Amino acid sequence: MKLGIESIHMHIPTYALDLRDLAAERGVEFAKYQRGIGQEVMAVPAPDEDVITMGANAALGALEGVDRDAIRTVVFATESGIDQSKAGAIYVHQLLGLHSNCRTVEMKQACCSSTSALHFALSTVALHPKQKVLIVAADVARYGLGTAGEPTQGAGAVAMVVSATPRIMQVEPDAGYYTEDVMDFWRPNYRDEALVDGKYSIKVYLHALEECWKNYQQETGASFEQFDHFCYHLPFSRMGLKAHLHLAREENASLSSRELQQQIEPSLGYNRLTGNTYTASLYLGVLSLLDDDSLELENNRIGFFSYGSGCMGAFFGGTVLPGYREALKTDSRRRLLAERQFLTMDEYEAFYQFALPKDGSEFVTPRHQTGAFRLSGMKDHQRSYEKVPVAAGNAGGSTCAYAAAPFMG
Ligand code: COA
């Protein structure tokens with residue numbers, strides 16, 4: 001029985017910051033952002049969007065053409081949850097109008113709970129092949145203004161339908177795992193911004209990659225050469241390159257620059273134009289690879305590395321299925337990227353500073369372009385959401401001059 005991804009889509013905010021403007025304002029050479037960490041544009045969430053609206057928007061696209069009645073489980077993966085108790089999956093389930101005989105749950109382990117959600121979904125579908133699982137991974141990556149992490153911020157969501165009738169990717173159930181109790185990145189409940197030891201987190205990431213790969217090899221006997229492309233968790237796009245070079249060195253694989261380009265570069269494009277999306281980041285990389293129409297990926301084997309600070313990692317594999325392109329929504333994702341509106345530095349900082357009242361008092365959020373769903377406000381400690389009619393003009397502006405052009409730092 002083949003198990004894997006039947007459908008996948010993403011959502012990113014309509015608003016973005018050109019990192020040239022951030023570099024100029026912070027007195028940093030743009031080359032440091034563009035070449036040093038591999039970032040060009042940062043997605044910035046509007047005051048009336050959060051992980052629920054972004055997740056619901058991504059899921060709306062992922063559910064197109066899917067038998068909704070077969071969805072029996074919705075898993076929401078995030079580290080930017082809106083409630084300590086109630087699962088984000090319930091809000092998304094309601095906004096999408098899914099039937100009520102459904103299991104709904106939220107998962108957490110920094111950036112890699114989306115991968116645990118995927119493996120949970122594979123097990124569920126293996127036991128119940130008629131059922132489908134909707135996974136929603138959504139996050140807002142937020143660091144302090146003026147900190148080293150600031151240019152790696154971003155926001156977005158990826159949603160996937162996992163089933164026994166995959167059209168895009170067969171996902172192998174075996175994985176190599178690694179867990180170690182470290183403090184490289186964390187966000188205590190009383191803080192809106194993460195605390196991070198960035199350089200240490202890169203070291204721990206690379207160590208977790210080594211350990212996951214070793215464990216994956218022990219479990220499966222796989223070798224580096226069996227993979228055509230690799231997708232990594234991308235806190236910033238250059239991390240994918242660092243990780244891949246590290247793994248190649250561990251394996252004593254000498255890669256030509258053409259092989260290096262082919263194995264890693266296609267997965268980096270979307271991240272470079274959105275920034276970190278935590279749980280969604282690995283899967284945004286998968287979409288960047290799948291949407292690259294210069295590549296014919298049918299039957300190509302892909303290696304995936306998922307990393308969540310704190311820390312846990314997972315390495316696993318998958319194979320792109322024949323006919324995958326017909327099941328993609330590449331044009332819609334290109335439009336999302338191309339039709340964004342650039343913010344000025346003042347507008348970016350105003351969006352950044354925006355916060356809902358902390359005392360739960362009544363508040364109506366200002367209206368921005370947020371796709372098909374928006375956070376309309378708060379009353380009695382409860383967030384309220386609304387559907388936005390398509391006619392309200394959510395296509396966004398047309399001021400984003402960037403395309404997902406190849407770049408190797
Ligand atoms: N032109 C080109 N490259 C430049 C440059 C310039 N003018 N100035 C600096 N660089 C390069 C540096 O050489 C370095 O490259 P290297 O990693 O290959 O050595 C890179 O840009 C980053 O600069 P550096 O000064 O080392 O780091 P930083 O203090 O800006 O911090 C992070 C970078 C990623 C640690 C920081 O953005 C961060 O904390 N991010 C959040 C946490 C995170 O993403 N963790 C990752 C694992 S989950």
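The set of residues in segment 256-314 being part of a loop (DSSP other than H, G, I, E, B) and more than 16 Å from the ligand (Cβ to nearest atom) consists of S256, L273, D291, D292, D293, S294, L295, E296, L297, E298, N299, N300. Please state which of the following conditions G154 fails to meet, knowing it meets all the rest: (1) within 11 Å of the ligand (Cβ to nearest atom); (2) surrounded by fewer than 24 Cβ atoms within 10 Å (Cβ to Cβ). G154 satisfies all of (1) within 11 Å of the ligand (Cβ to nearest atom); (2) surrounded by fewer than 24 Cβ atoms within 10 Å (Cβ to Cβ) except (2). Screening P166, P129 for residues that are more than 16 Å from the ligand (Cβ to nearest atom), open to solvent by 10 Å² or more (accessible area, probe 1.4 Å) and either over 21 Å from the mean Cα position of the chain (by Cα) or of a type in the set (S, T, N, Q) (or both) leaves exactly one candidate, P129. Restricting the first member to segment 172-197 and to residues that are at pLDDT below 95, and the second to residues that are open to solvent by 40 Å² or more (accessible area, probe 1.4 Å) and among the acidic types (D, E), no beta-carbon pair is closer than 7 Å while six or more apart or on different chains.
Every listed requirement among (1) in a loop (DSSP other than H, G, I, E, B); (2) more than 16 Å from the ligand (Cβ to nearest atom); (3) within 25 Å of F316 (Cβ to Cβ) is met by E79 save one, (2).
Is it the case, given these coordinates, that G149 is more than 23 Å from D69 (Cα to Cα) and either of a type in the set (A, V, I, L, M) or within 14 Å of the ligand (Cβ to nearest atom) (or both)? So G149 passes the test. Which of the residues belonging to segment 196-212 are within 8 Å of the ligand (Cβ to nearest atom), assigned to a helix (DSSP H, G or I), open to solvent by 30 Å² or more (accessible area, probe 1.4 Å) and touching a Phe, Trp or Tyr at 6+ places or on another chain (Cβ under 9 Å)? Within segment 196-212, G198 is the sole residue that qualifies. Of all the listed residues (T53, T73), the sole one being in contact with a strand residue (DSSP E or B) (Cβ under 9 Å, 6 or more places away or on another chain) and either assigned to a strand (DSSP E or B) or within 16 Å of the ligand (Cβ to nearest atom) (or both) is T73.
The values are calculated or read from the model by the stated rules, or taken from the named source; none is laboratory data. These numbers come from a predicted model, not from an experiment. Here Cβ is always computed from backbone atoms with ideal geometry, including for glycine, and neighbour counts include all displayed protein chains. The protein model used for the area step is the full one, side chains on, heavy atoms only, and it has no ligands, DNA or RNA in it. Shrake-Rupley method; radii C 1.70, N 1.55, O 1.52, S 1.80 Å.
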